[in-house]
2 protein chains.
Amino acid sequence: MQPLITTAEATQIIAENCLRVGSEMVILENAYGRVLATEISADRDAPPFDRVMMDGICINTYNHKLGSWRYQIIGTQAAGAEKMTLPKGEYAIEVMTGAPLPADANCVIPVEQIDIIDGYALPHDGIAAEDNQHIHPKGSDSKAGDTLLTPGTTLTANELAIAASVGATEIEVTRLPKIHLITTGDEIIDPSNSPTDYQIRRSHPSAICALITSQQLGNITTEHVNDDPKLIEQKLTSALTDPENDILILTGGISMGKFDWVAPLLEKLLSKPAFHGVAQRPGKPFAFWASNSENSPTIFALPGNPVSVMATMHLYVLPTLRKMLGKNNQPKNLPLAEDFSWDSPLTGILPYRSNNGKITIHPPRNSGDYLSLQGTNGFAEIPPHSDLKAGENLPLY
Amino acid sequence: MQPLITTAEATQIIAENCLRVGSEMVILENAYGRVLATEISADRDAPPFDRVMMDGICINTYNHKLGSWRYQIIGTQAAGAEKMTLPKGEYAIEVMTGAPLPADANCVIPVEQIDIIDGYALPHDGIAAEDNQHIHPKGSDSKAGDTLLTPGTTLTANELAIAASVGATEIEVTRLPKIHLITTGDEIIDPSNSPTDYQIRRSHPSAICALITSQQLGNITTEHVNDDPKLIEQKLTSALTDPENDILILTGGISMGKFDWVAPLLEKLLSKPAFHGVAQRPGKPFAFWASNSENSPTIFALPGNPVSVMATMHLYVLPTLRKMLGKNNQPKNLPLAEDFSWDSPLTGILPYRSNNGKITIHPPRNSGDYLSLQGTNGFAEIPPHSDLKAGENLPLY
């Protein structure tokens, strides 16, 4: 292992070696969670016409004689129909929410504020009838040509509705990176099999695939290989030369154990890693190889321990995927609910729980399997040897 | 419209009429985001054996003579292999992280703290060698039979890894409710078509489907119908008598306009709604019909305005779906970043933005299309006529 670097240095090296992916077209119905690659702009004003905002009648406030307040209803302006014209004089047109305001009208009086008797609308005493009342003016939300959504925007419910409203039924989004996960370990068996006393069921792929696909951060394939250097070399060679792979994730095999073949074999097949070993706990043995050509993957070699896997996924792999996809990518910050002391020369990457905008740190009870993370919301970064007070903000992943 | 009820009364009436859905089996790979219908318990102790936590050697601290510190290495205990036995005397066995601790060993010394010379391990001066050192004891995380995940748990990365670790490759989850959405409005056209001056493209289905499917809250189908009472009655009849439909959502057609056919037709086909009209802004015309038999859907009739749709979806529909699915379902609370005054006799359901654990209220700039929600995180509930100070907590949806 090389000399340990800091988490900030590791983040920096990874960021400098992060390749952007290209883009592809998806239909609106399949665009949820994807990241916009180009801007979406308005094809026309919004609203596209002076839009009636209440069911009622429209009048022209300049037409009525003071004190009279009685309008002959000469028709109905429905939503979706051609715009009518309000004649000069004490006339009204019935209007529906969403309808275009008839030409020469300037005020809408809600149906609750009038009586309709024998074809005449009689507004109640004392109600308001102002210029532009209950009218949503053409172009007041946006003008034709305005940028509505910018590249890098993640498309959620609201953005998809905006895209639909301007007819963007095919959308250019960033391509999902292709990720290949290789788990290692002789003691690891398929979850559907019955373990002997000294085996355990494979759980990393379930967690890693869920993290990536639930956030639409990539398309992932997985395989497992036992601690046999020949087999590992075969699998690595095949993963490294598959031009489809943007990212290769490995779990285990990078510590100093006798059967830790992953790091030595990657060094043999490629070169020394960009770094191997970060001054953090957990996740210290983490190693990273930058992509060395357009067709070779970026490699994240994670330690094999579950909490280390989750910590390094949250701190390094998920932010890298977000960056490749062009997403805005700042860790959020929340204040500590209570004091927390961390007496280690290594940066702590520790699970936290958040509640009403504050966090509490929950160090794993033991060497840390997935059970110890139950109920936590992510990982907080704690500086080495720190004595943190309630109210201090911590970066969260 | 009936007399207005409060948001609390509306929530209460809906909750009392919320039917639970049944359960179904899904495979582990498809279980992300689903809600557990039964508990998942441990099939054996975790860890299943005294587990070595570091690469190094194991010894028995009671075997060594004070001051000697020299152990003959008699073999290697690999992960996944049968447990070896450490002989009495000054012997050591090489061990790998994740391996079972050999019988009669009680301490692991990390490889960084020893030298290995001619088949002997020589621990460095002054290092620790305690009983149980770097050993993760059998059953210390959980015992066979312990409940690891309880019904109502939403399955995310960590829970799926826990399920995999106990061999739960098929999981009983609550069934996704079948939801049918009918949008109405003569002015509304398909997003792929070109609107005339007085038409607008349909955007509610994009938003509503994204809200529901992204959170795994249901399976949704959609259709649109123009403001023609015969057509609407046909579509309603067919949706009401389809035994597959658990929930019917309608948008528009429930105000007091001349072409608002939805509410009168539902009254004709069913009965008076449980309520129609809530003292809130936006979303006042919202109406609700409880399911009146096992085969008839619960009906949410939402106003047609985009911000009203999103407000009533967040306040009523999404929490109902979560409850049907058996999810824990408390609105979260966050404090205001700045003072906010709300001068209305109606409860405000207003968009907010959250930043570092605090929220700011962003009332829509205008009658409220989807653009006005851009960058907001959900809806806060603001009491009528309230003068809120920075730091006060508000319930968020």
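As an exercise: evaluate B:Arg175 against (1) within 12 Å of another protein chain (Cβ to nearest Cβ); (2) out of contact with any Phe, Trp or Tyr (no Cβ under 9 Å at 6 or more places or on another chain); (3) under 27 Å from B:Thr320 (Cα atoms); (4) not aliphatic (A, V, I, L, M) and give the number of the one condition it does not meet.
(1)
Could you list all residues from the range A:372-394 that are surrounded by fewer than 22 Cβ atoms within 10 Å (Cβ to Cβ) and under 30 Å from B:Ala163 (Cα atoms)?
A:Ser372, A:Gln374, A:Gly375, A:Thr376, A:Asn377, A:Gly378, A:Glu381
For (1) of a type in the set (A, V, I, L, M, F, W, C); (2) modelled with pLDDT of 95 or more; (3) at positive phi, each residue gets a yes or a no:
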position	(1), (2), (3)
A:Lys268	no, yes, no
A:His276	no, yes, no
A:Gln280	no, yes, no
A:Ser291	no, no, no
A:Glu294	no, no, no
A:Met310	yes, yes, no
A:His314	no, yes, no
A:Leu318	yes, yes, no
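Scanning the range B:227-244 for residues that are surrounded by fewer than 16 Cβ atoms within 10 Å (Cβ to Cβ) and touching an Asp or Glu at 6+ places or on another chain (Cβ under 9 Å), which turns out nearest to the other protein chains (Cβ to nearest Cβ)? Talk me through it step by step, then tell me what you get.
Just the residues of the range B:227-244 that are surrounded by fewer than 16 Cβ atoms within 10 Å (Cβ to Cβ), to begin with: B:228-231, B:234, B:237-238, B:241-244.
In the following step, the residues that additionally are touching an Asp or Glu at 6+ places or on another chain (Cβ under 9 Å) were identified as B:228, B:243.
Working: B:Asp228: 11, B:Pro243: 26 Å.
That would be B:Asp228.
Among the listed residues B:Ile27, B:Ile59, which satisfies the condition of being at pLDDT 90 or above, loosely packed, with under 14 Cβ neighbours inside 10 Å and more than 20 Å from A:Asn305 (Cα to Cα)?
The conditions single out B:Ile27.
Would you be able to say whether some residue in the range B:134-145 is within 21 Å of A:Pro303 (Cβ to Cβ), of a type in the set (S, T, N, Q), in a loop (DSSP other than H, G, I, E, B) and within 41 Å of the chain's Cα centre (by Cα)?
yes
Name the single residue, out of those in the range B:146-158 being assigned to a loop (DSSP other than H, G, I, E, B) and out of contact with any Lys or Arg (no Cβ under 8 Å at 6 or more places or on another chain), that is farthest from A:Leu211 (Cα to Cα).
If we take residues in the range B:146-158 being assigned to a loop (DSSP other than H, G, I, E, B) and out of contact with any Lys or Arg (no Cβ under 8 Å at 6 or more places or on another chain), then B:Asp146 is farthest from A:Leu211 (Cα to Cα).
Looking at (1) without any contact (Cβ under 8 Å) to a residue 24 or more places away in the chain; (2) surrounded by fewer than 19 Cβ atoms within 10 Å (Cβ to Cβ); (3) at the interface with chain A (Cβ under 10 Å from one of its Cβ atoms), which is the one condition that is false for B:Asn329?
(3) is the only condition that B:Asn329 fails.
Within 21 Å of the chain's Cα centre (by Cα) and either touching a residue at least 40 places away in the same chain (Cβ under 8 Å) or within 14 Å of chain A (Cβ to nearest Cβ) (or both): which single residue out of B:Thr376, B:Thr360, B:Thr347 fits that description?
After applying the criteria, what remains is B:Thr376.
Looking at this structure, is B:Lys88 over 20 Å from A:Asn226 (Cα atoms), among the basic types (Lys, Arg) and in a loop (DSSP other than H, G, I, E, B)?
So B:Lys88 passes the test.
Could you please find all residues in the range A:297-313 being within 13 Å of chain B (Cβ to nearest Cβ) and more than 14 Å from A:Pro364 (Cβ to Cβ)?
Matches in the range A:297-313: A:Gly304, A:Met313.
From the list B:Pro319, B:Pro335, B:Pro285, pick out the single residue that is of a type outside the set (A, V, I, L, M) and either touching an Asp or Glu at 6+ places or on another chain (Cβ under 7 Å) or not assigned by TED's automatic domain parsing to the domain that holds B:Ile14 (or both).
B:Pro335
On the basis of being surrounded by 23 or more Cβ atoms within 10 Å (Cβ to Cβ), over 21 Å from A:Ala144 (Cβ atoms), in contact (Cβ under 8 Å) with a residue 40 or more places away in the chain and at the interface with another protein chain (Cβ under 7 Å from one of its Cβ atoms), does B:Gly185 make the cut?
yes
Would you call B:Thr298 among the hydroxyl-bearing types (Ser, Thr, Tyr), at pLDDT 95 or above and closer than 18 Å to A:Met96 by Cα?
The answer is no for B:Thr298.
Does the range B:98-119 contain at least one residue that is part of a loop (DSSP other than H, G, I, E, B), among the polar types (S, T, N, Q) and buried (at least 22 other Cβ atoms within 10 Å of the Cβ)?
No; the residues of the range B:98-119 include none that is part of a loop (DSSP other than H, G, I, E, B), among the polar types (S, T, N, Q) and buried (at least 22 other Cβ atoms within 10 Å of the Cβ).
Check B:Ala210, B:Ala290, B:Ala263 and return the single one that is free of Cβ contacts under 8 Å to residues at least 12 places away in the same chain and among the aliphatic types (A, V, I, L, M).
B:Ala210
Within 13 Å of another protein chain (Cβ to nearest Cβ), in a helix (DSSP H, G or I) and either in contact with a His (Cβ under 6 Å, 6 or more places away or on another chain) or without any contact (Cβ under 8 Å) to a residue 12 or more places away in the chain (or both): is that true of B:Ala161 in this structure?
Spelling it out, B:Ala161 is indeed within 13 Å of another protein chain (Cβ to nearest Cβ), in a helix (DSSP H, G or I) and either in contact with a His (Cβ under 6 Å, 6 or more places away or on another chain) or without any contact (Cβ under 8 Å) to a residue 12 or more places away in the chain (or both).
The values are calculated or read from the model by the stated rules, or taken from the named source; none is laboratory data. Note that the coordinates shown come from a computational prediction; the quantities given were computed from them, not determined experimentally. In this analysis, Cβ positions are derived from the backbone assuming ideal geometry, glycine residues included, and neighbour counts consider all displayed protein chains.
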